[in-house]
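These notes concern the structure reproduced below.
The values are calculated or read from the model by the stated rules, or taken from the named source; none is laboratory data. All values reported here derive from a predicted model rather than from experimental measurement. Quick reminder, even Gly has a Cβ in these numbers, built from the backbone with ideal geometry, and neighbours come from all protein chains shown.
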């Protein structure tokens, strides 16, 4: 794990009297103390083990498919701890490549000496790998070269099976995504960013959700009969040459079926465009927490 | 596997999470009395402002546009029944332009121009303004001035667009009970010309947008400090993006082809009407 010291805090001291103005601050700490933030990443069981068939004992694909990842490469960079008053507590500019199919929570960085208070603007990026990208022990040099060659930020390879059917896919995504204003549920309440406490370290996990690629909508239908579901039948059907390898080119040639899918404001006309848009939503914050997602 | 169950159970709840909706002027008055805005960062939130309302056709739709299915569509008519508009300080799930907060200059400098997002995770935040009067609008008749709304000063970041039924206003009769009526021509190489008439009722749109409310539309981020005009730009190309015109007859000027119930064109058109990317809100000072 890398250790970092915070960068300059240009405005921090100027507004220390904010709460005296009467508009109230939710900042639970008001001393000059400091704490640490440990950033990690994890792919959950969906990426480490499998996304199963939906059933009474497990939730998953509603159309009988299951997916096992072989590889789930993701490149994190530019993690920023800041607040809505314009202060920046710390910034990690470097990028690091992870394979979240490898089991376990992986450390990204330990940031020490962060002023103990609420930091409500935490952000990060998932962006294409470059020569300067560092390599986490979960990924290999060959992985890094693959990512550089394709200008990929995210690369997934997996096997999908349904009865006797088996499809393989390996999709690289040459996209860059900004995750802003991350927030999560902590102790039953929504918390913007994170709260650093005196002399303690908080764990902040940049969780990757491997199931998002297969959603049929992100915006829930108001019709209770239409459930948000994981589907693979339409992706499998896109394998037009029937070689059991589903390529992104084949997905890009498959129109989005509006009877099953809702583009949910993502502006996707094909299965390929929809999956590519969904890939931008894999980045999460402290488990189920979310961020505002923007194209870089 | 227990963890997987927990995760997916939570995710299948994906929905637009409404924020604190201030649905009446009285409620906005209460916010004014409170005197402090939300955590949106606005430092001067809380003063009442009058917001004129304007609805206009996005300039990119005045001439022909090409859909996701490769059809070149030229609209000749687009009439719709609008309901109330609500404005919020929560970030939209789909950011189409760069943000304008001073402390986010670095992001602008980095070149954020267009965004995709996580609509399922939209949190509206606090309601900061509204326009409540239903109306009917002909997008090809020039900008339409609707009733004035009101709000409180502070940051505006997202909005709710809504359709209303039955239609109200000067064009209610022309709409014939529908919430949207469009006419036009669709062309594609190798296909005969389609002359169409597409309509939608509230029940059609409600399959994607509850009560005809399109949540999470982008309100170009602005710190509103004084009275002004809220302009809603409508992009009909989003309505037609996934319509497969190959599935309707050619039609004619005298008898334009309509979208049959439960057909792909009908479903795609109704779904398009519910897409948040079809409606963009901006503010300008008076």
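Do we have residue B:191 as over 15 Å from residue B:83 (Cβ atoms) and either surrounded by fewer than 17 Cβ atoms within 10 Å (Cβ to Cβ) or out of contact with any strand residue (DSSP E or B) (no Cβ under 7 Å at 6 or more places or on another chain) (or both) here? Can you show your working first?
On the way: over 15 Å from residue B:83 (Cβ atoms): yes; either surrounded by fewer than 17 Cβ atoms within 10 Å (Cβ to Cβ) or out of contact with any strand residue (DSSP E or B) (no Cβ under 7 Å at 6 or more places or on another chain) (or both): yes.
Judged against the criteria, residue B:191 is a match.
Out of all the residues in region B:199-209, which are surrounded by fewer than 18 Cβ atoms within 10 Å (Cβ to Cβ) and facing chain A (nearest Cβ under 10 Å)?
B:207
What is the number of the single condition among (1) farther than 21 Å from residue A:192 by Cα; (2) within 14 Å of another protein chain (Cβ to nearest Cβ); (3) at pLDDT 50 or above that residue B:136 does not meet?
(2)
Go through region A:259-276 and report how many residues are surrounded by fewer than 23 Cβ atoms within 10 Å (Cβ to Cβ), modelled with pLDDT of 90 or more and at the interface with chain B (Cβ under 7 Å from one of its Cβ atoms).
Total satisfying the criteria: 2.
Output the residues belonging to region A:279-295 that are within 9 Å of chain B (Cβ to nearest Cβ), outside any strand (DSSP E or B) and buried (at least 22 other Cβ atoms within 10 Å of the Cβ).
Result: A:280, A:281.
Kindly indicate whether residue B:184 is in a loop (DSSP other than H, G, I, E, B) and either more than 14 Å from chain A (Cβ to nearest Cβ) or in contact with a strand residue (DSSP E or B) (Cβ under 7 Å, 6 or more places away or on another chain) (or both). It would help to see each step written out before you state the result.
Details: in a loop (DSSP other than H, G, I, E, B): no; either more than 14 Å from chain A (Cβ to nearest Cβ) or in contact with a strand residue (DSSP E or B) (Cβ under 7 Å, 6 or more places away or on another chain) (or both): yes.
Considered against the rule, which asks whether it is in a loop (DSSP other than H, G, I, E, B) and either more than 14 Å from chain A (Cβ to nearest Cβ) or in contact with a strand residue (DSSP E or B) (Cβ under 7 Å, 6 or more places away or on another chain) (or both), residue B:184 comes out as no.
Take region B:37-62 and flag every residue that is over 19 Å from residue B:221 (Cα atoms) and modelled with pLDDT under 95.
B:59, B:60, B:61, B:62
Taking residue B:214, is it closer than 21 Å to residue B:58 by Cβ, more than 14 Å from every other protein chain (Cβ to nearest Cβ) and in contact (Cβ under 8 Å) with a residue 24 or more places away in the chain?
Working: closer than 21 Å to residue B:58 by Cβ: yes; more than 14 Å from every other protein chain (Cβ to nearest Cβ): no; in contact (Cβ under 8 Å) with a residue 24 or more places away in the chain: yes.
Taking the combined requirement at face value, the residue does not satisfy it.
Sort out which residues of region A:58-106 are in a strand (DSSP E or B), more than 14 Å from chain B (Cβ to nearest Cβ) and surrounded by fewer than 19 Cβ atoms within 10 Å (Cβ to Cβ), and write them in order of number.
A:70, A:71, A:94
Would you check which residues across region A:264-278 are in contact (Cβ under 8 Å) with a residue 24 or more places away in the chain and part of a loop (DSSP other than H, G, I, E, B) and list them? Don't jump to the end; show me each part of the working.
Initial filter on region A:264-278 (in contact (Cβ under 8 Å) with a residue 24 or more places away in the chain): A:264-266, A:271-272, A:275-276, A:278.
Scanning region A:264-278 gives A:264, A:265, A:266.
Out of all the residues in region A:215-234, is one or more surrounded by fewer than 22 Cβ atoms within 10 Å (Cβ to Cβ), within 10 Å of chain B (Cβ to nearest Cβ) and under 20 Å from residue A:49 (Cα atoms)?
yes
So for region A:245-253 (the condition being assigned to a loop (DSSP other than H, G, I, E, B), in contact (Cβ under 8 Å) with a residue 12 or more places away in the chain and surrounded by 21 or more Cβ atoms within 10 Å (Cβ to Cβ)), does at least one residue qualify? Even if it seems obvious, please write down each step before you answer.
First, pick out the residues of region A:245-253 that are assigned to a loop (DSSP other than H, G, I, E, B): A:247, A:253.
Narrowing the set further to residues that are in contact (Cβ under 8 Å) with a residue 12 or more places away in the chain leaves A:247, A:253.
In the following step, the residues that additionally are surrounded by 21 or more Cβ atoms within 10 Å (Cβ to Cβ) were identified as none.
No, every residue in region A:245-253 fails to be assigned to a loop (DSSP other than H, G, I, E, B), in contact (Cβ under 8 Å) with a residue 12 or more places away in the chain and surrounded by 21 or more Cβ atoms within 10 Å (Cβ to Cβ).
Of the residues that sit in region B:237-269 and are in contact (Cβ under 8 Å) with a residue 60 or more places away in the chain and more than 14 Å from chain A (Cβ to nearest Cβ), which one is surrounded by the fewest Cβ atoms within 10 Å (Cβ to Cβ)?
Only one residue tops the list, namely B:258.
For region B:221-235, which positions are within 14 Å of chain A (Cβ to nearest Cβ) and either free of Cβ contacts under 8 Å to residues at least 12 places away in the same chain or surrounded by 21 or more Cβ atoms within 10 Å (Cβ to Cβ) (or both)? Full working, then the answer.
Within region B:221-235, the first condition is being within 14 Å of chain A (Cβ to nearest Cβ), and the residues that meet it are B:221, B:223, B:235.
The answer is B:221, and nothing else.
Which condition number in (1) in contact (Cβ under 8 Å) with a residue 24 or more places away in the chain; (2) outside any strand (DSSP E or B); (3) within 13 Å of chain B (Cβ to nearest Cβ) is the one that residue A:181 fails?
Exception for residue A:181: condition (2).
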